[in-house]
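The values are calculated or read from the model by the stated rules, or taken from the named source; none is laboratory data. The shown structure was predicted, so the numbers you read here are calculated from the model rather than taken from an experiment. Methodologically, a virtual Cβ is constructed for each residue, glycine included, from the backbone with ideal geometry; neighbour enumeration extends over all protein chains shown.
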């Protein structure tokens with residue numbers, strides 16, 4: 001059914017998945033990915049304005065930043081690396097029924113969905129092959145379980161820390177400005193990671 005969508009509709013689906021399902025991801029992967037983006041935004045904002053990086057009264061230190069980066073980059077890493085390796089294998093073309101930009105969109109959608117969503121594929125893409133089962137399975141393994149391990153490790157680190165009192169140097173994470181910065185970080189990370197793939201797939205398909 002998704003294969004019959006207009007290219008701009010496919011573009012929206014891919015953007016929502018490739019940004020970590022943080023918009024309508026809800027309680028599952030969207031929640032812990034958003035926590036990673038929040039920690040990253042706290043750190044970046046602190047660097048920009050010279051304030052102490054804190055969240056929920058806990059100081060954010062290098063270990064939490066590294067874990068937040070792992071959470072935020074797990075999906076781009078899994079989708080792009082395993083997708084690229086799979087694309088180089090000789091048997092892949094037999095799975096693509098459409099040529100050009102739409103065929104690439106089918107391929108890219110399969111890996112994006114495996115990494116961030118429910119593992120679905122467009123009807124014109126034959127994903128049940130040995131090559132794709134391995135490639136999609138590895139992408140799913142990394143993109144799903146690496147963030148889970150990282151967010152649990154982060155929770156353990158933060159749980160052991162004492163709550164510090166707010167001061168004039170504490171960044172307010174409940175303000176409209178912080179919300180804008182958070183959205184900007186999500187968009188920038190997603191754009192830097194996936195814009196070339198989106199340009200080759202649904203954007204080019206839309207322009208054609």
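Of the helices (runs of 4 or more DSSP H) lying entirely inside segment 1-106, those carrying at least 2 residues that are touching a strand residue (DSSP E or B) at 6+ places or on another chain (Cβ under 7 Å) and buried (at least 18 other Cβ atoms within 10 Å of the Cβ) are 29-49. Among the residues of segment 108-135, those that are closer than 22 Å to residue 199 by Cα and either touching a residue at least 40 places away in the same chain (Cβ under 8 Å) or over 20 Å from the mean Cα position of the chain (by Cα) (or both) comprise 108, 109, 112, 113, 115, 116, 117, 120, 122, 123, 124, 125.
Results for (1) at pLDDT 90 or above; (2) in contact with a strand residue (DSSP E or B) (Cβ under 6 Å, 6 or more places away or on another chain); (3) within 16 Å of residue 40 (Cα to Cα), shown as yes or no for each residue.
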{"residue": "150", "(1), (2), (3)": "yes, no, yes"}
{"residue": "155", "(1), (2), (3)": "yes, no, yes"}
{"residue": "165", "(1), (2), (3)": "no, no, no"}
{"residue": "170", "(1), (2), (3)": "no, yes, yes"}
{"residue": "174", "(1), (2), (3)": "no, no, yes"}
{"residue": "180", "(1), (2), (3)": "yes, no, yes"}
{"residue": "184", "(1), (2), (3)": "yes, no, yes"}
{"residue": "187", "(1), (2), (3)": "no, no, yes"}
{"residue": "190", "(1), (2), (3)": "no, no, yes"}
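Of the residues examined, residue 194 is not one that is out of contact with any helix residue (DSSP H, G or I) (no Cβ under 6 Å at 6 or more places or on another chain), touching a residue at least 24 places away in the same chain (Cβ under 8 Å) and in a helix (DSSP H, G or I). Among the conditions (1) within 30 Å of residue 50 (Cβ to Cβ); (2) without any contact (Cβ under 8 Å) to a residue 40 or more places away in the chain; (3) within 20 Å of the chain's Cα centre (by Cα), the only one that residue 172 does not satisfy is (3).
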